[in-house]
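Asker: Sharing a structure, written as structure tokens. Questions coming.
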Amino acid sequence: MSPMLITALAFVTVTGLMAVVLFVGTSKSPVEERLKKMLPEGGAQAQAAAAAKADERGFLKAALAALGNYGVGGGDSALARKLSTAGVRGPSSSLHFLGIRTLLSFGPALAVLVPRVTAGKPLGPSVGFAAAAWFVGHMIVNLRLRSMGARRITEISAVLPDTLDLMVVCLEAGLGLNAAIARVGKERSTMKDPLGQEFATVSLELRSGRTREQALRGLGERNGVGDLKTLTGMIIQCDRLGASMGTTLRSHSDLLRTKRRQRAEEAARKLPIKLLIPLALFILPPLFTVTVGPAVLQIMELFKGMGG
């Protein structure tokens, strides 16, 4: 296959993909068209002015969702769990992620492949470089998602004992379990706390008619935190048996605080082992060079004098 034909095919593919994304992002649904006809002219103008800012942000999301339809892994349940653990949720969150991953993987690959093929360079190495660019972009997006999930799990695990103490105070003050969850969610969500936002979500689910057991199980499943899953299971069991919720939560809070301290001690003990690699690569060689270098130079000069 000639380089000119490959370049033409790449140009047609990219142009067609951008046209599809533009059409999907700017097209209006039949519901919007019917509402536009039913509303008066003044109301339509006010609605358009109020939704102008939302449309600007929605265009990018619609474009990413349209691009994500052509991505690989859209029906993977593991991807949905990773997004939920990282706090990326919504009806089109998987499509948005796939759109970003496709754009950041195939974009650099085409940027590497097309100029090399146009310049007449060999096809094999060009495809290899493009595949390497695709792999790097693909892995960077996946690693970013994994780091977001790990950071959110760490944040939730760190604040879980303090949140349980606040729940115990609410329960001992006379509030019920649902009211305590709502109060904790209201107080902690204002602090941009992920666990407080999760409790606020549980409170919203309870007010919408979902049972307490279903809401708590959903809280434990969608975050990927082992301590939180254990906590929700314990609350459900205490609720079934009619045990004292305040005493149980206080004991579990003490246990979680002990585990948090043990994790900190474990991280402190791992630190010397982690410092060995940078110490061996970046500190010891310059140290040896500074301390032993002058002696080596003097010995070399001495041997040169003896040889002369």
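The values are calculated or read from the model by the stated rules, or taken from the named source; none is laboratory data. For clarity, every value in this text was computed on a predicted model and none was experimentally measured. In this analysis, Cβ positions are derived from the backbone assuming ideal geometry, glycine residues included, and neighbour counts consider all displayed protein chains.
Asker: Considering (1) out of contact with any Lys or Arg (no Cβ under 8 Å at 6 or more places or on another chain); (2) within 30 Å of D193 (Cα to Cα), say which one H96 fails and leave the rest.
Answerer: Checking H96 against (1) out of contact with any Lys or Arg (no Cβ under 8 Å at 6 or more places or on another chain); (2) within 30 Å of D193 (Cα to Cα), the one that fails is (1).
Asker: Look at R207 and say whether it is over 19 Å from R240 (Cα atoms), of a type in the set (K, R) and in contact with a Cys (Cβ under 7 Å, 6 or more places away or on another chain).
Answerer: Considered against the rule, which asks whether it is over 19 Å from R240 (Cα atoms), of a type in the set (K, R) and in contact with a Cys (Cβ under 7 Å, 6 or more places away or on another chain), R207 comes out as no.
Asker: Is it the case, given these coordinates, that A268 is under 26 Å from M148 (Cβ atoms), modelled with pLDDT of 90 or more, exposed (fewer than 12 other Cβ atoms within 10 Å of the Cβ) and not acidic (D, E)?
Answerer: In short, yes.
Asker: Right, something else. Would you mind finding the one in S203, S157 that is out of contact with any Ser or Thr (no Cβ under 8 Å at 6 or more places or on another chain), crowded, with 20+ Cβ neighbours inside 10 Å and hydroxyl-bearing (S, T, Y)?
Answerer: So the residue among S203, S157 that is out of contact with any Ser or Thr (no Cβ under 8 Å at 6 or more places or on another chain), crowded, with 20+ Cβ neighbours inside 10 Å and hydroxyl-bearing (S, T, Y) is S203.
Asker: Say whether the condition of being among the β-branched types (V, I, T) and either touching a residue at least 60 places away in the same chain (Cβ under 8 Å) or at positive phi (or both) is met by at least one residue in region 125-144.
Answerer: The answer is no; no qualifying residue exists.
Asker: Would you mind finding the one in L195, L206, L177, L171 that is in contact (Cβ under 8 Å) with a residue 24 or more places away in the chain and in contact with a Gly (Cβ under 6 Å, 6 or more places away or on another chain)?
Answerer: Sole residue among the options that is in contact (Cβ under 8 Å) with a residue 24 or more places away in the chain and in contact with a Gly (Cβ under 6 Å, 6 or more places away or on another chain): L171.
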